[in-house]
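The values are calculated or read from the model by the stated rules, or taken from the named source; none is laboratory data. Remember, it's a predicted structure, so these values are computed and weren't measured experimentally. No Cβ is skipped: glycine too gets one built from the backbone with ideal geometry, and neighbour counts run over all protein chains shown.
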């Protein structure tokens, strides 16, 4: 499947997390949303980002593709103090426990 990124709204990542909390697997979620399973995993991780980072996205300063690249760069030490919030049932990105 090709990468499909949607315009960001506060509900997109929350919906992925809600379905996970209802017992949906990433594969089932991917099929329902018509996206690759890897995007489900990313969006579940993005859901754990702090409101400060989500603000950058809602203002159009960052996109999901930017976040994906940021995560690949492992710059978590720089962002850690403000990047992540604790969300029960959702694993933080590696290095952000």
Original post:
Would it be correct to say that residue 49 is at pLDDT below 85, in contact with a helix residue (DSSP H, G or I) (Cβ under 9 Å, 6 or more places away or on another chain) and crowded, with 17+ Cβ neighbours inside 10 Å?
Top reply: yes
**OP:** May I ask you to say which residue of 41, 17, 32 is at pLDDT 80 or above and over 11 Å from the mean Cα position of the chain (by Cα)?
**Re:** 32
Original post:
What number goes with the only condition from (1) modelled with pLDDT under 75; (2) in contact with a helix residue (DSSP H, G or I) (Cβ under 8 Å, 6 or more places away or on another chain) that residue 62 does not pass?
Top reply: (1)
